[in-house]
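Worksheet: one structure, shown below.
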Amino acid sequence: MFHTDCPARDVVDHVTSRWGVWVLISLRSNDLRFYELRESIQGISEKMLAQTLRALVQDGLVWRKVEPTTPPQVTYGLSEFGQEVSEPLTDLFKRITQRLPPRGLR
């Protein structure tokens, strides 16, 4: 049913990758520049953020805008498709957060 050459499978892999979920959730409320996005996602390296963004842009979930300044200012945001895909991820994260006991009580 889910063939390895199915294009949707690649998109699902990118969305559900370790960092893909967090990029989509972070961009849900605001467009962010690269360094702002990196700061909003604890533990991600510049290399992994760049790779994740590249895949999500290629998949059409995230857009990338480069301002011709020195150095260039690069801003990322969610496309309409990215908004649709990130909505259930954000809802899932909120539901999990609401159900978890405070850190000291686990």
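Derivation of every value follows stated rules applied to the coordinates shown; laboratory data play no part. Predicted model only: the values in this text are computed from it and were never measured. Quick reminder, even Gly has a Cβ in these numbers, built from the backbone with ideal geometry, and neighbours come from all protein chains shown.
Summing Lys and Arg as +1 and Asp and Glu as -1 over all other residues whose Cβ lies under 13 Å from the Cβ of Gly60 gives a net charge of -2. With θ taken as phi - 60° and the Karplus curve 6.51 cos²θ - 1.76 cosθ + 1.60 applied, the whole-hertz 3J(HN,Hα) list for region 81-88 is 4, x, 4, 4, 6, 6, 4, x Hz, x standing for glycine and proline. Once backbone amide H atoms are built at 1.01 Å from N, Asn30 has no partners under 5 Å, excluding neighbours fewer than 5 places away on the same chain. Report D for the chain in µm² per second (integer): Stokes-Einstein, Kirkwood Rh on Cα pairs, 4 °C, 1.567 mPa s. The calculation lands on 87 µm²/s. In this structure, the amide hydrogen of Leu78, modeled 1.01 Å from its nitrogen in the peptide plane, lies closer than 5 angstrom to those of Trp63, counting only residues at least 5 positions away or on a different chain.
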